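Notes to accompany the following structure.
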Amino acid sequence: MSNELTFQLDGEDISFTPGQTIMQAAKAAGVYIPHLCWHPDFPAHGSCKLCTVKVNGRFGSSCTMEAQAGMSVENRTAELDDKRRTLLQMFFVEGNHFCPSCEKSGNCTLQATAYELKMMSPHFDMFYPDRPVDASHPDILLDFNRCIMCSLCVTASREVDGKNVFAMGGRGILGRRIHINSESGKLADTDFAVTDRAASICPVGVILVKRKGFAVPIGERQYDKTPINEQVKEPTA
Amino acid sequence: MNAPMNAAPVAAKKLKVATTSLAGCFGCHMSFLDIDERILKLLELVEFDRSPITDIKHCGPCDLGLIEGGLCNAENVHVLREFRKNCKILVAVGACAINGGLPAQRNHLDLRDILEEVYQTEAGISHGGIPNDPELPLPLNQVHPIHEVVKVDYFLPGCPPPADAIWKLLTDLLAGRTPTLGHGLMHYD
Amino acid sequence: MTDFPRIDAVLARHDRNGTRLVQILREVQEQLGWLSPATLSHIAAGIGWPRAMVSGTASFYSFFHTRPRGTYCVLWSDNITDRMLGNTDLMDAMCKKLWLEPGRVSEDGLVSVNTTSCTGMCDQGPALLVNYRAITRMTQARLGEMVGLIRNQTPVAEWPAEWFSVEDNIRRKDILLGHELMPGQALKAALERGPQAMLDEIKAGKLRGRGGAGFGTGLKWEACRNAVGTGDNPAHYVVCNADEGEPGTFKDRVLLNSYADLVFEGMSIAGYVVGAKKGLIYLRGEYRYLLEPLESALAARRASGLLGADILGKGFDFDIEIHLGAGAYVCGEESALIESLEGKPGRPRIRPPFPVTRGYLDQPTTVNNVETLAASCLIAAHGGAWYAGHGTEKSAGTKIFSVSGDCERPGIYEYPYGVTVRQVLDDCGATDSQAVQISGPSGICVSTEEFGRRIAFEDLPTAGAFMVFDDTRDMFEVARNFAHFFAHESCGFCTPCRVGTTLVRNMMDKISLGHGSPYDINELFKLHRVMQGASHCGLGNSACNPVFDTLNKFRPAYERRLKSLDYEPAFDLDAALSQARQMTGRDDAAAHLTNEAEA
């Protein structure tokens, strides 16, 4: 009857429009595919690999793969969720993620995704890297201990704010980090403003507004109330 | 709440449970006590071995060991090994046991600098030098979660884990089920 | 700043074009020694890029220094073949003589000594780079002399010339290395055929990429030819991938040293087929010493009308430019290479789109291996049918191997595809071999019972590396060396590779220190499964191959290192009390921890 394009996601028919990625189509249909670096407002980055799915038996990132009619996509299988849990554990050991002392706790995508995937421990040996914080800016604190290298702040600053306050630089586990657009490397020496889109884009607790702590008590925050897989249709912060 | 005891055979032997706090704040133990009157039900099923509740100093053979806190000194390592040797099931309870938690926030500092500043150079303290009494356990260069030293069977996150999560874990284990925590009980904060 | 005029001169030479940032940074560093914060700010202003992007690029490449480096920067090539030739002892001796810790700049700012990934001199190691100039065949005797020259601050340019000599070591020639084409002959044949007919010949010759993956060259050129350039400056590009970073591979070095005309000619033929006017060679930074000879060779070709406008009077315009890399293995991946050519960190792109449709400057680009381009000349000159008559059904032609390790005659060997591993071993004088690492760490490790296997796309595909290990070698240490390599070279973009390569390295070190258990071996297998499926590019996908292969084929090399069958601590417990012992002066029994659980 209709010429609606569909593919199968865990056995369920998902409609899509040409050019949509698997992730975009799934989101539009209200189906949760775990992800960290993807944001509906921005082009896919494809770095976190949480959204890895199996397309016709082959692994691929659902945020970058275009949907094709008739394809068969596995999403929440035990095999894929196992891999995702391992990837989450990698994030938790490479950074310093001490949730009890983090203002983002309860509103944090990394944490909520780890709950969703039942990550009970970091499993691997902790790296405990030394990542200094940048408290130079009058309104914003940068705590790089929690950075997951998603680049959303880079993209938001460039594409929405037109500022290029951030860039990803360096290489590998020791080098890769956010570079700040000033010779001092300090945020205070940039034109960053608390009203920038980039100030509210961070999915974890790196970019925090100063003098705003625990306005919503722990236990009543975004993901405390409802698990992340039930918030697919709601706008992401 | 689940009541596995209803299904348990009357003559079932009481399970032995030991608990301890290593580099922790006893907050997980306090949360444990927050199971309130359910502790009476628990006592019908278990008997406590080494634990702050019993004040028994060394752990004998046990079915279950609950470890709060991470490893910040040599004594923590000895106690952890005693638990691992004696407990069939070992559970890491709370953030510190699982990822080092608050004490591990010292890990980006050099221990030598810490000791020097705390005991020798900081103004307003008595300069008795760095304590070196053999009775005192030496601190480790870094704080570690317990799974980096012994095999851990289950993890119960939270700072502290809510009483209901502790209760869920215990009742699951006592009933022979793999412990699971649903939304609301699973917390890292 | 007094340095600014020199920086400005470099900027002017590159038209203040940000896409040339890697070249700008290299040239500025060659003059100033390092890239200071003020230098980076000045360059950023000069090219009109955000400073964070400039520092982001500068900090990506191992050969760029954003902190002051020693006047003499000594980097020891640390491939397993260098190790087997004794580089560790030599480097330790050097550090001792210079009173240095590896990786630290001396107090007086004179010198730093460290390791670097394979510099492509495996047949003449131990090798090193001093101020990014290649030195081969290091010995204890030379070491003493070198330390003296450093202490006396003798400029590297005045060091003994023979230290810098790099041999070709060509041991076996076949149709490519034994070609008798005159410069221009193959190109002339191509131009006479016309682009479509030339493309058809490449297809008929069944030429496949020599970088290891074996994608059909004809298909690649055709896709690029058919793609349409976009934007204000539509164009097509040819890129020659001379970022030969796979440890144990050095055949491109020899091709560029002694067969440069053939490579340039192949690029020109590719340009003619795809409709490009410009070709770029991405030369790995380790081969910096080849830059001037290659520039001269390009100038000679321009002078003889083989490059430039209206080549051979056939109305074909084409020229070639050389870009130098700066110490990043991942740039061997074609889309990372293109990012680097555009002045950015070498991070593999999301594909599709593939470079053939959107490559360099978002234009259709064919990226081909040095050897592939050279081989295309044979097809241009002799025809596809002739070429396809060599090799095997699915692997036409010949392949050049870089043979190193335990053999009498390491060097360059060209064979028709289909040669057995055993044949190569016999020819290079390898005895008592227990394993060969084919195609480098990301390739495959074959053991004795597999020496009858054939090197061809049908069986063992290769980019060229052929590292031989005799039965005195410890295959665990081989795999551990490779694990360190991948952890160092991971670009850090995707999670499984960034963190996974480090986890693997740490576990291999743990086993090496005698603290491992079967649990750790199971963890290695688990990481292999995660990294292979989920990584962003080939680096992460293949980073566990050497561990996986050696675990399957040389498992006792792991097992004999295991401490026990029980779970073993992640770290040395007694060593973890070292700082407290130092500060308290205690050494009593309670001031120690054993690693075994106490009885």
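The values are calculated or read from the model by the stated rules, or taken from the named source; none is laboratory data. This structure is a prediction, so every number in the text was calculated from the model and none was measured. Note that each Cβ is placed from the backbone with ideal geometry, even for glycine, and that neighbours are counted across all protein chains shown. These area figures cover heavy atoms from the full protein model, side chains too; ligands, DNA and RNA do not enter into them. Shrake-Rupley method; radii C 1.70, N 1.55, O 1.52, S 1.80 Å.
Annotations for the structure displayed:
- With DNA, RNA and ligands ignored, accessible area of C:HIS390 (1.4 Å probe; Å², nearest 10): 50 Å²
- Angle of helix A:78-94 to the longest C-alpha principal axis of chain A, folded into 0 to 90 degrees and rounded to 10: 10°.
- Long-range amide H partners of C:ALA465 with built H, under 5 Å: C:SER402, C:SER439, C:GLY440
- Rounded to 10°, Cα long-axis angle of helix C:495-512 versus longest principal axis of chain C: 50 degrees
- Heavy-atom accessible area buried between chains B and C is around 2200 Å² (1.4 Å probe, both sides summed).
- Long-range HN-HN contacts of C:PHE316 with modeled amide H, under 5 Å: C:ASP310, C:ILE311
- The relative contact order of chain A, computed from alpha carbon pairs under 8 Å that lie at least 6 residues apart in sequence, is 20 percent.
- Per atom type, segment C:471-599 shows carbon and sulfur on 51% of its accessible surface, probed at 1.4 Å.
- Couplings 3J(HN,Hα) for segment A:224-229, derived from phi with the Karplus relation 6.51 cos²θ - 1.76 cosθ + 1.60 (θ = phi - 60°), are 5, 7, 10, x, 5, 6 Hz, where x marks Gly and Pro.
- Listed values for segment C:345-362 are Karplus-derived 3J(HN,Hα) couplings in whole Hz (6.51 cos²θ - 1.76 cosθ + 1.60, θ = phi - 60°), namely x, x, 9, x, 7, 6, 10, x, x, 8, x, 4, 9, 9, x, 4, 6, 6, and x replaces Gly and Pro.
- Between segment C:546-599 and segment C:73-94, the alpha-carbon centres lie 27 Å apart.
- Surface composition of segment C:133-274: carbon and sulfur make up 48 percent of the accessible area, probe 1.4 Å.
- Neighbours of C:GLY46, meaning other residues whose beta-carbon lies under 9 angstrom from its beta-carbon, give a summed charge of 0 when Lys and Arg score +1 and Asp and Glu score -1.
- Length gained when the stretch B:LYS85-B:LEU109 is fully extended (0.36 nm per residue, less Cα-Cα span): 5.4 nm
- Partner lysines for A:LYS212 [C-alpha distance under 19 Å; skip if fewer than 8 residues away on the same chain]: A:LYS104
- Here is the interface size for B with A: some 2100 Å² of accessible area buried, both sides summed, with a 1.4 Å probe.
- More than 16 angstrom apart: percent of Cα pairs within segment C:507-582: 56 percent
- On the beta carbon distance between C:THR2 and C:GLU292, with R0 = 30 Å, the FRET formula returns roughly 0.60.
- In percent, rounded to a whole number, the relative contact order of chain C is 13, using alpha-carbon pairs under 8 Å and six or more apart.
- Compared with the alpha-carbon gap, the fully stretched path from C:ARG555 to C:ASP92 is longer by 163.6 nm at 0.36 nm per residue.
- Efficiency of FRET between B:GLU75 and C:TYR519 - r from beta-carbon atoms, R0 22 angstrom, step 0.05: 0.30
- Here the relative contact order of chain B, from alpha carbon pairs under 8 Å that lie six or more residues apart, stands at 25 percent.
- Given chain A, longest segment not containing exposed loop GluC sites (Glu not before Pro) (DSSP; at most 12 other Cβ within 10 Å): A:5-219
- Close amide H partners of A:ILE140, meaning residues 5 or more places away or on another chain with modelled amide H under 5 Å apart, are A:LYS210.
- Per-residue SASA entry for B:LYS88, accessible area with 1.4 Å probe, Å² rounded to 10: 150 Å²
- All distinct Cα pairs of chain B go into the 1/r average, and the inverse of that average, the Kirkwood radius, is 17.7 Å.
- Spin-label model, A:VAL160 to C:ALA589: label points 7 Å out along the Cα-to-beta-carbon direction sit 6.4 nm apart.
- A versus C: buried accessible surface, summed, Å² (probe 1.4 Å, to nearest 100): 3200 Å²
- Computed extension length for A:ARG211-A:LEU174: 10.2 nm, one decimal, from 0.36 nm per residue of separation with the Cα-Cα distance subtracted.
- Pairwise label distance in nanometres, A:ASP191 with A:THR17, each label 7 Å out on the Cα-Cβ vector: 3.4 nm
- In this calculation the C-beta distance from A:ASN56 to C:ALA235 is compared with R0 = 35 Å, giving a FRET efficiency of 0.45.
- Counting only the Cα atoms, chain C fills a convex hull of 167 Å³ per residue.
- Prolate/oblate/rounded call for segment C:439-566, Cα gyration tensor, a/c under 1.5 rounded: oblate
- Taken one residue at a time, the phi angles of segment A:112-129 give Karplus couplings (6.51, -1.76, 1.60, θ = phi - 60°) of 5, 5, 5, 4, 4, 8, 6, 7, 8, 7, x, 6, 7, 7, 5, 8, 6, x Hz. Gly and Pro are set to x.
- Per residue, the accessible area of segment C:1-143 comes to 39 Å² when a 1.4 Å probe rolls over the protein heavy atoms.
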